[in-house]
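Inspection log for the structure reproduced underneath, given as structure tokens.
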Amino acid sequence: MIKLKGITWNHTRGLLPMVATSQRFTELHPEIEISWEKRSLQEFADASIEDLAKRFDLLVIDHPWTGFGAQTKAILPLSDYLSGDYIKDQERNTVGKSYGSYVFHNKLWALPIDAATPVASARLDILEKNNLEVPKTYEDLLALAKKGLVAFAGIPVDVLMSFYMFCCSLGEAPFLSEEKVISETTGKKALQMFRELAQLIDPKNFNRNPIQVYEAMVNSNEIAYCPFAYGYSNYSRVGYSKNLLHFFDLVSLNDKPMISSLGGTGLAVSSFSQHIGEAIRYADFTGSSEIQQNLYTDNGGQPGHLEAWKSDRLNDLTHDYFKNTLPTLQRAFLRPRYYGHMYFQDHAGDVVRNYLMYGGDEDKVLEEMNGLYAESLKIQTI
């Protein structure tokens, strides 16, 4: 018996589809057994994949780790192992920039098995009870927030992603130069707009990640709307939680829908594995169109294959989660993935969060972020 070990993240969406696909893969290949461990969402964002690759054959990774994984060669370039036709299918059926988020030096370092970006969600029953509608514009959002019915994920990494969103939605993407994160004009405007909204939400949301926001939404009747948090189709499925969430595209700002920051996860194979061939076969199986559209998503997964997002069956299952949020995915901003960027991501979110919570000088906030950016570029080796 060949035994493979995998590491994923601690949520139905992260664990169950990996267990389900592994079980079926073992039934088809009885000589191979795959077991999965899970880590918290924060550990998923922070833990070095080089350390994990020494302990696990299969890794579900956050795409900003791609550059680090490629540089350290902790994971394998899957495009060197999978067929050309398979790779072309993956590229052709990317959800937004998901495929490209795992490409470095013209090689694919992880399969985009899961696609996500911050999207809007609502408890339609609460809105209807209060004779309110789902916000369509940023002005609508502020008006609803003033009624105390709005929440967003406020932990450091999520507010950093939302800062990128405000910048992109104001017409300027971050990191266009190596001198500064964003121009002073756009950066200050983004911070001011974000703080105006942040002052209207319950401060306890600054300790919530997206999962915790969704759990608060479905397990109480206090939050009617979340304008942006990484989407989880699980909460749009009957029977998953006490109350149902419906998901939507982001509100419009200056007559254009807002642009969020791409997330999602990829399936990587450790270069330290003693059973590379078997691990590659499982990755091939799990990322395939057929499995993504059926076994993977049916067991709580949020697929990374475009054909799954367009599936009428899966949209019926999720109250049109995929159809409603696909436009958001298609225009999502791809954040940097160079070797040193995780240093910036690990620290800049604290700067933004402190400003949102306590206020301050926007120029100093941007200056501090630019300092972190400069430090991150010094450790860039790819």
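The values are calculated or read from the model by the stated rules, or taken from the named source; none is laboratory data. Not measured: the values here are computed from a predicted model. Quick reminder, even Gly has a Cβ in these numbers, built from the backbone with ideal geometry, and neighbours come from all protein chains shown. Quick note on the areas: whole protein, heavy atoms, side chains included, nothing else; ligands and nucleic acids left out. Shrake-Rupley method; radii C 1.70, N 1.55, O 1.52, S 1.80 Å.
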- Message: Going by what's in this entry, would Val181 be described as within 20 Å of Ser376 (Cα to Cα) and not in a loop (DSSP other than H, G, I, E, B)?
- Response: no
- Conditions: (1) acidic (Asp, Glu); (2) over 23 Å from the mean Cα position of the chain (by Cα); (3) open to solvent by less than 40 Å² (accessible area, probe 1.4 Å). Asp114 meets all but one. Number of the miss? (2)
- Task: State which residue pairs qualify: first residue of a type in the set (Ser, Thr, Tyr) and inside the range 302-323, second residue open to solvent by 20 Å² or more (accessible area, probe 1.4 Å) and in a loop (DSSP other than H, G, I, E, B) in any location, beta carbons under 6 Å apart, and separation of 6 or more residues or different chains.
- Result: Thr318/Arg237
- For the range 304-316, does any single residue satisfy the condition of being of a type outside the set (Asp, Glu), open to solvent by 30 Å² or more (accessible area, probe 1.4 Å), on the phi > 0 side of the Ramachandran plot and over 19 Å from the mean Cα position of the chain (by Cα)? no
- Task: Would you tally the residues in the range 310-339 being in contact with an Asp or Glu (Cβ under 8 Å, 6 or more places away or on another chain) and within 30 Å of Thr72 (Cα to Cα)?
- Result: 0
- Query: Right, Arg337: crowded, with 20+ Cβ neighbours inside 10 Å and among the charged types (D, E, K, R) or not?
  - Reply: yes
- Whichever residue in the range 353-382 is touching a residue at least 60 places away in the same chain (Cβ under 8 Å) and part of a loop (DSSP other than H, G, I, E, B) and, among such residues, is nearest to Thr185 (Cα to Cα): Gly359
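Filter the range 85-133 down to the residues that are in a strand (DSSP E or B) and among the β-branched types (Val, Ile, Thr) and list them by number.
Passing the criteria: Thr94, Val103, Ile113, Val119.
Residues to consider are Ser183, Ser98; find the one that is under 30 Å from Ile280 (Cα atoms), modelled with pLDDT of 95 or more and of a type in the set (S, T, N, Q).
Details: Ser183 fails: under 30 Å from Ile280 (Cα atoms).
Answer to the selection: Ser98.
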- In the range 178-217, the residues that are free of Cβ contacts under 8 Å to residues at least 40 places away in the same chain, more than 19 Å from the chain's Cα centre (by Cα) and under 23 Å from His11 (Cβ atoms): Lys204
- Message: Being under 22 Å from Ile34 (Cβ atoms), of a type in the set (S, T, N, Q) and not in a helix (DSSP H, G or I) is the filter here; which residues of the range 249-291 pass it?
- Response: Thr265, Ser270, Ser271, Ser273, Gln274, Ser288
- Looking across the range 54-84 at residues that are assigned to a helix (DSSP H, G or I) and at pLDDT 95 or above, the single one that is most open to solvent (accessible area, probe 1.4 Å) is Asp80
- Query: Which one is farthest from Ile75 (Cα to Cα), of the residues in the range 29-47 that are in contact (Cβ under 8 Å) with a residue 60 or more places away in the chain and surrounded by fewer than 18 Cβ atoms within 10 Å (Cβ to Cβ)?
  - Reply: His29
- Query: Across the range 184-217, which residue is least open to solvent (accessible area, probe 1.4 Å) among those that are among the hydrophobic types (A, V, I, L, M, F, W, C) and not in a helix (DSSP H, G or I)?
  - Reply: Ile201
- Task: Please verify whether the range 48-60 includes one or more residues that are under 21 Å from the mean Cα position of the chain (by Cα) and without any contact (Cβ under 8 Å) to a residue 40 or more places away in the chain.
- Result: yes
